[in-house]
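Notes to accompany the following structure.
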Amino acid sequence: MERKNAKRNRILILILSLITLIAISVTVWALFFRDKNENLPPDYAPQETEINAEPIEGDDDARLEQPEGGGAVSLTYSKDVTVSLSDKTAALLFGNPARSSQDMVVQLIIQDTVIIQSGTLKPGNQVTKLELLNGAEKALSEGTYEGKLNILFYDRNTGEKAIVNTVIPVTVTVTK
Amino acid sequence: MKKLTALFLAAMLVMAMSTTAFAAGSGNIGTTGGSQPIDVSARYTGGTSTPAVYSVDLAWEDMSFTYTAAGTRTWSPDTHSYTDDTTASWSEGKTITVTNHSNTAVSAGFTYAADTAFTAAAGSFTASTISLASAENTAVASAPNGFTTFSLSGTLPDTQTASGKIGTITVTLS
């Protein structure tokens with residue numbers, strides 16, 4: 001009888017060990033190996049303001065006249081982006097001048113893969129640096145890519161995404 | 001010794017003699033005045049860069065449209081089908097305006113992508129591309145600008161009785 005119990009216990013321990021091993025494997029995969037590049041543009045503006053946003057110096061222009069129910073935005077940008085694989089950051093220039101009536105979110109897309117997605121960029125602010133999405137550096141290697149900035153506009157009161165968005169083709173230089 | 005002294009004195013005399021110096025050019029400066037033109041030369045070495053600064057304004061009207069269907073669909077018991085006597089139309093188009101404040105020319109391209117459930121409603125623009133000249137030498141208020149009008153055609157499902165998003169307009173700035 002005791003031998004039978006001992007055998008049952010061994011089987012139970014084996015099964016529990018197996019379950020533990022599977023759980024640990026799934027956790028390790030989820031933390032380190034899962035593809036995190038499936039970034040869909042949010043339908044509502046992210047709650048968090050972009051941490052790299054800085055006020056545009058001397059930008060105190062009056063708001064653009066916005067057609068009722070529509071939108072009016074102003075964009076300042078350069079068409080060159082430099083990605084540093086070691087820093088996991090991108091150097092670029094994109095501004096949402098004070099004249100704009102909408103918040104903005106910037107995505108950098110290379111070959112249909114979202115490399116960067118900013119937080120909310122409010123009117124009167126710009127970014128010169130953005131962080132790559134987790135693991136995005138693995139998809140890139142040193143060289144030059146043709147990419148695009150996907151600019152999404154959000155209503156400042158409701159946070160709702162506008163029906164109009166903007167795409168800006170850019171040249172992306174990737175360095176070590 | 002006499003010879004040496006003579007040679008020395010001769011040398012002193014030669015060194016003490018005045019020499020008339022002629023300046024370059026054809027001027028004539030005398031002891032009492034005159035003029036002497038001096039050529040000034042210069043050359044330009046390119047070293048100033050003028051990077052392109054892109055600054056574009058976009059404004060769009062309320063992109064809400066109404067699809068109106070009117071008329072009668074009459075049931076025919078003989079053919080077990082409807083005789084369609086209806087007409088349908090979309091509300092008028094809406095405008096998107098692009099203004100260029102860049103120091104380089106900018107082109108704006110317009111595309112419409114319908115959401116999956118609304119592909120029967122097609123979107124079109126009066127101009128699918130607008131080319132705008134550089135804003136150099138223009139006043140801010142009269143910056144180069146252009147517009148396109150977006151309209152819908154086709155049909156909308158009769159289940160869409162409340163206003164909602166049916167597609168997205170993308171403006172490509174290049």
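By the beta-carbon count within 10 Å of each Cβ, the least crowded to most crowded order of A:MET104, B:MET63, fewest first, is B:MET63, A:MET104. Farthest toward the positive end of the dipole of chain B, out of B:ALA135, B:ALA59, B:THR170, is the Cα of B:ALA135, where the dipole comes from beta carbon charges about the Cα centre.
In the structure shown, the pairs A:LYS129/A:LYS161; A:LYS122/A:LYS148; A:LYS176/B:LYS165 are assessed against 31 Å; a Cα-Cα span above that value is assigned to A:LYS176/B:LYS165.
Applying 0.36 nm per residue to the separation of A:LEU85 and A:GLU131 and subtracting their alpha-carbon distance, the gain on full extension is 15.5 nm. Each Lys or Arg adds one and each Asp or Glu subtracts one; over the other residues with Cβ under 14 Å from the Cβ of B:PHE118, this totals -1. The angle between the Cα long axis of helix B:2-16 and the main principal axis of chain B comes to about 40°, on a 0 to 90 degree scale. Shielding by partners for peptide A:155-168, expressed as the average number of C-beta atoms from other protein chains within 10 Å of each residue's C-beta, is 4.
Mean per-residue shielding of peptide A:147-154 is 1, counting Cβ atoms of other chains within 10 Å of each Cβ. Net charge dipole, region A:37-122: roughly 160 debye, given to the nearest 20, about the Cα centre with Cβ charges of +1 for Lys and Arg and -1 for Asp and Glu. Distance from the C-alpha centroid of region B:139-162 to that of region A:112-161: 26 Å, rounded to the whole angstrom. Between the helical axis of A:2-28 and the longest alpha-carbon principal axis of chain A there is an angle of about 10 degrees.
None of the figures in this text is laboratory data; all of them are computed from the coordinates on show. None of these values were measured; they are calculated from a predicted model. Methodologically, a virtual Cβ is constructed for each residue, glycine included, from the backbone with ideal geometry; neighbour enumeration extends over all protein chains shown.
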